[in-house]
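So the structure is just underneath, and the comments pick up after that.
The values are calculated or read from the model by the stated rules, or taken from the named source; none is laboratory data. Keep in mind the model is a prediction, meaning the values are calculated, not measured. Here the Cβ is made from the backbone with ideal geometry for all residues, glycine too, and neighbour counts use every protein chain on show. We work out accessible area using only protein heavy atoms, side chains counted, and drop any ligands, DNA or RNA first. Shrake-Rupley method; radii C 1.70, N 1.55, O 1.52, S 1.80 Å.
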Amino acid sequence: KASIKLTSIVKPLNPYINVTNDVAGEQASSADERQQRNSLLGQLDGIPIAVKDNYCVKGKPTTCASRMLANFSPGYNATVYEKLRTQGVVLIGKTNLDEFAMGSGTVDSLYGPTKNLWGSEVLSQFYSYGSDDSQVTTRKLHEKDAWRIAGGSSGGSAVAVATGTCYAALGSDTGGSTRNPASYCGLVGLKPTYGLVSRYGLIPLLNSMDVPGILARTVDDAVLILNAIAGPDQADPTTVQREYVPINLSETIDISNLRIGIPKEYGVQGISEEIAECWEKVSCLLKEAGASVVPVSLPHTDYSIVCYSVLNRCDVASNLACYDGIEYGHRANEWSSAHKLYKKTRSEGFNNVVKGRILVGNYFLLAENYEKYYVKAMKMRRLIAQDFDVVWNSNVDLLLTPTTLTEAPRYDEFVQLDNQTQCLIQDHCTQPANMAGLPAINVPIKLSRNRLPLSLQLMAPLFHEQRLLTVAKWIE
Ligand code: GLN
């Protein structure tokens, strides 16, 4: 039976907004009963999972880590959760995130930041007894505020998995929010092709880039979850309307006929020596195994973030317009006029990051600005996607890049930067895949000198998850 009581060791890391004891208990007992009747539903029966708190779960708080939705419980399940539930999983809890998934550190949540397990005192309690360098690690970690961010915005889901309190977790990925925390927490983080997995019931950030993501400890675990949640959904017309063919990874993997591209634009300033070494080392290993590893160019990469920040704010302004205090969500105590009610509700309900994005988005969408910003960013988006097409058409099968430029930053250093600058640095390598809708995965590689996870990213052409996951497994 799944353990539904979080230990006091895990709690200070703050991965969960809500631990769904009642749901988990019920689901665990029904899994037990099925087992006694010998009628297990499938591979996920009784498996504990966690879900980012921007997915609707019927009758359970779904907060988006925002005061605006702090008391909101939806009347329906997100398709991805519904699919997992009917396969018998046990919902352990809803996980922490940056408010409305706007961020890359899980530091801007109504419920406080999520701490990374790696580099925390908790980790030294868990894993480092006795060894010589554990003393070094522990000493360093006792410095005030020296703990590391979990990455974001799905940092809660990542820490939930990293601490072993669930088998896998759902994140969401609009610009890197699943791969980034996976990179910092030493996990596999999969962003499937846009349209492969339903977004119904995922509270939107940027509709044409949002994708449900999967955080797991191994590639095989991620495949198990992907196979359970992928496929067309009547409720989400942007899912591709063709039958999903389950991924099947073989035990023996031959990569000798693959061509792997190394895009030079990802070797930017700010990349740490250790990440650069990992990138080089894995390229060499792929070569030694017979793959051809070739330099490629994606010339519009540098425009991706700025173009994303325009598109993101326009979608945010529009998507968050519904939070007016009338239908659901927070309502301010202000009855003198409807206008004043909206105003007070929205200024109380959203944090400054969200408010800033709404303001800027509305500015970009003004009639006199629309062509200058929104339309231009959309054109640039097409050029970024075309860069990838050119590379795939030159017979490159996959791209290998860093996911993040460094190991997990210290919290106190990270929060010196504003949200926009954080995203600029954090999303450089992950964001272009969302622009183009491509599948991409974070693969943990090794530990740094500070004993923190270092990771790399693979990207594949649209709907080539089978190839992506196969090579990820080979690297893992
Ligand atoms: N960091 C980006 C943002 O804040 C992407 C977040 C995400 O993928 N949800 O918009």
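Does Pro237 satisfy the criteria of being within 16 Å of the ligand (Cβ to nearest atom) and either under 23 Å from Phe100 (Cα atoms) or in contact with a His (Cβ under 6 Å, 6 or more places away or on another chain) (or both)? Spelling it out, it is not the case that Pro237 is within 16 Å of the ligand (Cβ to nearest atom) and either under 23 Å from Phe100 (Cα atoms) or in contact with a His (Cβ under 6 Å, 6 or more places away or on another chain) (or both). Look at (1) under 29 Å from Ser109 (Cβ atoms); (2) open to solvent by less than 30 Å² (accessible area, probe 1.4 Å); (3) more than 15 Å from the ligand (Cβ to nearest atom); (4) assigned to a helix (DSSP H, G or I) and you find that Cys423 fails only one, number (3).
Can you name every residue in the range 54-84 that is of a type in the set (Val, Ile, Thr) and touching a Cys at 6+ places or on another chain (Cβ under 9 Å)? Break it down stepwise before answering.
At the first step, the residues of the range 54-84 found to be of a type in the set (Val, Ile, Thr) are 57, 62-63, 79-80.
Answer for the range 54-84, where residues must be of a type in the set (Val, Ile, Thr) and touching a Cys at 6+ places or on another chain (Cβ under 9 Å): just Thr62.
Considering the range 166-185, and only residues there that are buried (at least 24 other Cβ atoms within 10 Å of the Cβ) and more than 16 Å from the ligand (Cβ to nearest atom), the residue that is nearest to Leu424 (Cα to Cα) turns out to be Ala168. In the range 334-357, the qualifying residues are those that are of a type in the set (A, V, I, L, M, F, W, C), assigned to a helix (DSSP H, G or I) and more than 14 Å from the ligand (Cβ to nearest atom), and the one that is farthest from the chain's Cα centre (by Cα) is Ala338.
Quick one: is Ala276 away from the ligand (no atom under 16 Å from the Cβ) and within 30 Å of Leu365 (Cα to Cα)? No: the conditions fail for Ala276.
Name the residue that is most open to solvent (accessible area, probe 1.4 Å), counting only residues in the range 301-333 that are of a type in the set (D, E, K, R) and assigned to a helix (DSSP H, G or I). Selected residue: Asp302. Which residues, counting only those in the range 160-182, are farther than 20 Å from Val80 by Cα and hydrophobic (A, V, I, L, M, F, W, C)? Once the filter is applied, which keeps residues that are farther than 20 Å from Val80 by Cα and hydrophobic (A, V, I, L, M, F, W, C), the range 160-182 yields only Ala162. As a summary of the residue check, Asn434 satisfies the conditions (1) open to solvent by less than 20 Å² (accessible area, probe 1.4 Å); (2) over 22 Å from Gly189 (Cα atoms) except for the one numbered (2). Under the condition of being away from the ligand (no atom under 16 Å from the Cβ) and either without any contact (Cβ under 8 Å) to a residue 24 or more places away in the chain or under 29 Å from Gly349 (Cβ atoms) (or both), the residues counted in the range 286-325 number 7. Within the range 256-277, the set of residues being at pLDDT 95 or above, out of contact with any Ser or Thr (no Cβ under 8 Å at 6 or more places or on another chain) and surrounded by 13 or more Cβ atoms within 10 Å (Cβ to Cβ) comprises Gly261, Ala276, Glu277.
From the set of residues in the range 240-295 that are assigned to a loop (DSSP other than H, G, I, E, B) and of a type in the set (Gly, Ala, Ser), which is nearest to Asp221 (Cα to Cα)? Only one residue fits best here, namely Ser250.
Yes/no per residue for (1) under 16 Å from Glu280 (Cα atoms); (2) assigned to a helix (DSSP H, G or I); (3) in contact with a His (Cβ under 8 Å, 6 or more places away or on another chain):
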site	(1), (2), (3)
Ile441	no, no, no
Ile445	yes, no, no
Leu454	yes, no, no
Phe463	no, no, no
Thr470	no, yes, no
Trp474	no, yes, no
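Considering the conditions (1) within 15 Å of the ligand (Cβ to nearest atom); (2) surrounded by fewer than 24 Cβ atoms within 10 Å (Cβ to Cβ), Glu368 is excluded by exactly one of them, (1).
Restricting attention to the range 198-233, and to residues there that are within 11 Å of the ligand (Cβ to nearest atom) and not hydrophobic (A, V, I, L, M, F, W, C), which single residue is farthest from Leu44 (Cα to Cα)? Among residues in the range 198-233 that are within 11 Å of the ligand (Cβ to nearest atom) and not hydrophobic (A, V, I, L, M, F, W, C), the one farthest from Leu44 (Cα to Cα) is Pro204. Restricting to the range 463-473, name every residue that is out of contact with any Asp or Glu (no Cβ under 9 Å at 6 or more places or on another chain) and surrounded by fewer than 21 Cβ atoms within 10 Å (Cβ to Cβ). The answer is Phe463, Gln466.
Per the listing Ser177, Ser250, the residue uniquely in contact with a strand residue (DSSP E or B) (Cβ under 7 Å, 6 or more places away or on another chain) and either among the polar types (S, T, N, Q) or at pLDDT below 95 (or both) is Ser177. Could you go through the range 453-462 and let me know if any residue there is modelled with pLDDT under 95 and open to solvent by 60 Å² or more (accessible area, probe 1.4 Å). No, the range 453-462 has no match at all. Among all positions in the range 383-395, there is no residue which is within 22 Å of Ala70 (Cβ to Cβ) and surrounded by 14 or more Cβ atoms within 10 Å (Cβ to Cβ).
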